[in-house]
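Structure first, then comments.
Bear in mind these aren't lab numbers, they're just calculated from the coordinates by the rules spelled out. Everything quoted here is computed from the prediction, not taken from an experiment. Using ideal geometry, Cβ is built from the backbone for each residue, glycine included, and neighbour counts are taken over all protein chains shown.
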Amino acid sequence: MKSVKDTLLERRSTRRYERQEISQSNLNLIYAAIRNTPTSYNGQQFSVIDVSDQETKIKLYELTNQKQIKTCNRFLLFCADYNKISTIANAKHIEMPQFQHTVDGVMVGIIDASLAMMSAVVAAESCALGTCCIGYARTAAPTEIAKLLELPQGVFAVCGLAIGVPREVNDLKPKQPKELVIHRNKYRSDDMSNDLLKYDQRIIEYNASRSGATSKNDWASHIINYYREAMNYEMLKALQLQGFDLKK
Ligand SMILES: Cc1cc2nc3c(=O)[nH]c(=O)nc-3n(C[C@H](O)[C@H](O)[C@H](O)COP(=O)(O)O)c2cc1C
């Protein structure tokens with residue numbers, strides 16, 4: 001098993017996998033890490049759909065165009081979940097407040113599901129498995145994916161995670177320097193442009209020289225183009241269809 005330091009600092013997304021099963025003991029560790037995730041109020045407002053069925057993975061690939069989903073050994077879909085608490089509220093005749101109709105209710109579900117995904121990433125990476133988070137599992141076809149995986153009302157997909165035995169080791173991507181990430185006691189008030197431009201240049205150089213497919217992409221316009229694409233997502237409608245009728 002890798003050290004915590006190597007697990008965290010050597011992690012990079014892996015998008016190509018061997019056709020090898022993940023061992024049951026590794027899967028058990030991943031499940032245990034997911035279950036022990038810290039969650040808001042200990043409410044555990046999340047569930048995970050573990051997709052091992054190849055036909056379902058292929059359908060998910062067709063909906064998202066993310067090849068990793070069909071080639072990974074396990075595809076885990078992390079969902080925000082208010083179905084379980086509603087079910088027990090019903091069984092115990094407790095009146096259920098409509099928390100899922102509030103922005104904070106949605107945030108709580110997203111935070112819990114995201115932390116659970118990170119638990120899975122760390123557990124899997126510590127076993128020398130490769131992982132790739134897949135946001136397109138939320139954005140590409142939310143209604144069709146909810147239908148395919150039979151997500152009930154009160155449950156929506158937050159993010160997918162592909163896991164498998166790695167067939168590639170990508171270069172580590174340079175991240176923002178700590179001066180841009182860690183603010184001391186309060187948010188930085190000086191002009192960050194120079195630090196940001198330096199980081200942008202670092203990414204241009206990385207993209208031009210990395211192993212595998214190189215590109216001329218910079219950081220800022222590349223990310224901003226993603227935002228432009230994301231402006232077209234119909235997330236509010238997708239949330240409403242899953243029973244999250246945002247009111248405040
Ligand atoms: C919430 C989230 C969603 C992501 N969605 C995708 C995705 O749909 N497809 C993909 O190939 N990578 C996806 N990624 C991986 C990022 O592209 C990757 O983490 C980022 O480029 C940094 O590279 P690194 O993970 O190798 O450090 C996602 C990552 C996160 C955290």
Which pairs in the list K173/K198; K173/K216; K147/K237; K2/K173; K175/K198 are over 18 Å apart, alpha-carbon to alpha-carbon? K2/K173
Taking alpha-carbon centroids only, the stretch 53-73 lies from the stretch 164-216 a number of Å equal to 29
Say a paramagnetic label sat at a point 7 Å from the Cα of K173, along Cα to Cβ; which residues of the stretch 130-146 have their backbone N under 13 Å from it? 132-136
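Given a Förster distance of 35 Å, report the FRET efficiency between D50 and R184 from their Cβ-Cβ distance, rounded to the nearest 0.05.
Given R0 = 35 Å and the Cβ-Cβ separation, E is 0.25.
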Measure nothing but the geometry: give the 0 to 90° angle between the long axis through the Cα atoms of 54-64 and the longest principal axis through the Cα atoms of the chain, rounded to 10°. 70
In degrees, nearest ten, helix 193-209 long axis to first principal axis of the chain (Cα): 80
Given points 7 Å out from each Cα along the Cα-Cβ axis, report the L9 to T214 separation in nanometres with one decimal. 2.8
Collect residues whose amide H, placed 1.01 Å from N in the peptide plane, falls under 5 Å from the amide H of V165; neighbours closer than 5 in sequence don't count. E18, Q20, N73, G130
